[in-house]
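This report concerns only the one structure given below.
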Amino acid sequence: MSNIKSAFKNGKAFIPFITCGDPDLETTKELIRQAAANGADLIELGIPFSDPTAEGPVIQAASLRALSGGVTTDKIFDMVAEVRHDVDIPFAFMTYANVVYSYDAERFMARCCETGVGGIILPDLPYEEKGEFADVAKQYGIDLIPLVAPTSDNRVAMIAKDADGFIYIVSSLGVTGVRSEITTDLEKIVSVIRENTDVPCAVGFGISTPEQAAAMAGVSDGAIVGSAIIKLVEKYGKDSPKYVGEYIRTMKDALIALN
């Protein structure tokens, strides 16, 4: 049994995304610590991949910087094991099926279990093909966190009934990135989820301001932010943890006001 659901036990959850190894793993450790200290309820840790199909230019560039700097999946696991000595909030990996497959799925899930990573999000893994990873994930107590998109339509109920950890609702069509407005009928999607499961759901893609985070968490159980955080990392580099921490605090405060 993973600890992913516990991220939602104290009200609306704020979930930041961090690309591991951008600009280096020492900075990633500090980013994780600052995120936890400033109110993050769960941290999504991106394992870089050379062809991140769901990512927009900001996170693509972060993945490229991390890979160019020599980051590997093994180094990321070692980094997580180290930071686990002083950070105890839930972690979930966000990566791609090829990363898990090439590492060996059982070895990957075993290392997640060892290092306290409770969930994994694979945006390129269709629900119908998840069997390849679902059984081994369950064996090690790792939640295979599903994504629901605006185009999921009649598949939402099916995905919700089988969900573990939390359900990642993709707010908009297209790739990750900051958006000025989000027009998807999220309330309709959340209502179908609620009818079929008590697993919490959080909205990601396009959120960058406290107002957007509050609006998205207002209709769901939490808000996920990636590109806006990665932009701060790109701008401030090794000095970014302080600025990211301050940003996360403003976002979390907006969600606390909803509780």
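The values are calculated or read from the model by the stated rules, or taken from the named source; none is laboratory data. These figures come from a predicted structure and were not determined experimentally. Don't worry about glycine lacking a Cβ; one is built from the backbone with ideal geometry, like all the others, and counts go over all protein chains shown.
Looking at segment 85-100, which of its residues are in a helix (DSSP H, G or I) and at pLDDT 95 or above? Write out each step before concluding.
Here is the first cut: in segment 85-100, the ones in a helix (DSSP H, G or I) are 97-100.
Of everything in segment 85-100, those that are in a helix (DSSP H, G or I) and at pLDDT 95 or above turn out to be 99, 100.
Answer with yes or no whether residue 224 is modelled with pLDDT of 95 or more, touching a strand residue (DSSP E or B) at 6+ places or on another chain (Cβ under 8 Å) and surrounded by fewer than 24 Cβ atoms within 10 Å (Cβ to Cβ).
Working: modelled with pLDDT of 95 or more: yes; touching a strand residue (DSSP E or B) at 6+ places or on another chain (Cβ under 8 Å): yes; surrounded by fewer than 24 Cβ atoms within 10 Å (Cβ to Cβ): no.
No.
Check whether at least one residue in segment 163-185 is modelled with pLDDT of 90 or more, surrounded by fewer than 20 Cβ atoms within 10 Å (Cβ to Cβ) and not aromatic (Phe, Trp, Tyr), and report yes or no.
Taking segment 163-185 first, the residues modelled with pLDDT of 90 or more are 163-170.
This time we only want the ones that are surrounded by fewer than 20 Cβ atoms within 10 Å (Cβ to Cβ), so: none.
No, there is no match, as no residue in segment 163-185 is modelled with pLDDT of 90 or more, surrounded by fewer than 20 Cβ atoms within 10 Å (Cβ to Cβ) and not aromatic (Phe, Trp, Tyr).
Looking at segment 142-173, which of its residues are of a type in the set (D, E, K, R), without any contact (Cβ under 8 Å) to a residue 60 or more places away in the chain and under 21 Å from residue 97 (Cα atoms)? Step through it out loud before you land on a result.
The first filter runs over segment 142-173 and keeps only residues of a type in the set (D, E, K, R), leaving 143, 153, 155, 161-162, 164.
Subsequent filtering for residues that are without any contact (Cβ under 8 Å) to a residue 60 or more places away in the chain retains 153, 155, 161-162.
Residues satisfying the conditions are 155, 162.
Just the residues that are touching a strand residue (DSSP E or B) at 6+ places or on another chain (Cβ under 6 Å) and closer than 21 Å to residue 155 by Cα, please, taken from segment 96-122.
Hits for segment 96-122 are 120, 121.
Scan 59, 32, 47 and give me the residue that is in contact (Cβ under 8 Å) with a residue 24 or more places away in the chain, in contact with a Phe, Trp or Tyr (Cβ under 6 Å, 6 or more places away or on another chain) and crowded, with 23+ Cβ neighbours inside 10 Å. Before you say what the answer is, go through the steps one by one.
On the way: 59 fails: in contact with a Phe, Trp or Tyr (Cβ under 6 Å, 6 or more places away or on another chain); 32 fails: in contact with a Phe, Trp or Tyr (Cβ under 6 Å, 6 or more places away or on another chain).
Testing whether each residue is in contact (Cβ under 8 Å) with a residue 24 or more places away in the chain, in contact with a Phe, Trp or Tyr (Cβ under 6 Å, 6 or more places away or on another chain) and crowded, with 23+ Cβ neighbours inside 10 Å leaves just 47.
Considering each residue of segment 227-243, count those that are surrounded by fewer than 24 Cβ atoms within 10 Å (Cβ to Cβ) and either without any contact (Cβ under 8 Å) to a residue 24 or more places away in the chain or among the aliphatic types (A, V, I, L, M) (or both), and give that number.
Qualifying residue count for the region: 6.
Which condition from (1) assigned to a helix (DSSP H, G or I); (2) out of contact with any Lys or Arg (no Cβ under 7 Å at 6 or more places or on another chain); (3) buried (at least 20 other Cβ atoms within 10 Å of the Cβ) is the one that residue 41 breaks?
(1)
From the list 114, 132, which one is part of a helix (DSSP H, G or I) and modelled with pLDDT of 95 or more?
On the way: 132 fails: modelled with pLDDT of 95 or more.
When all the criteria are applied, what remains is 114.
Mind listing just one residue for me: the one in segment 1-26 that is crowded, with 21+ Cβ neighbours inside 10 Å and hydroxyl-bearing (Ser, Thr, Tyr) and, of those, farthest from residue 231 (Cα to Cα)?
Out of the qualifying residues, it is 2.
Considering segment 146-168 alone, what residues qualify as being of a type outside the set (D, E, K, R) and assigned to a helix (DSSP H, G or I)? I'd like the intermediate steps shown before the answer.
First pass over segment 146-168, keeping only residues of a type outside the set (D, E, K, R): 146-152, 154, 156-160, 163, 165-168.
Answer for segment 146-168, where residues must be of a type outside the set (D, E, K, R) and assigned to a helix (DSSP H, G or I): 154, 156, 157, 158, 159, 160.
Out of 51, 78, 24, I need the residue that is over 24 Å from residue 246 (Cα atoms) and at pLDDT 95 or above. Which one?
Numbers: 51 fails: at pLDDT 95 or above; 24 fails: over 24 Å from residue 246 (Cα atoms).
None of the others qualify; the one that does is 78.
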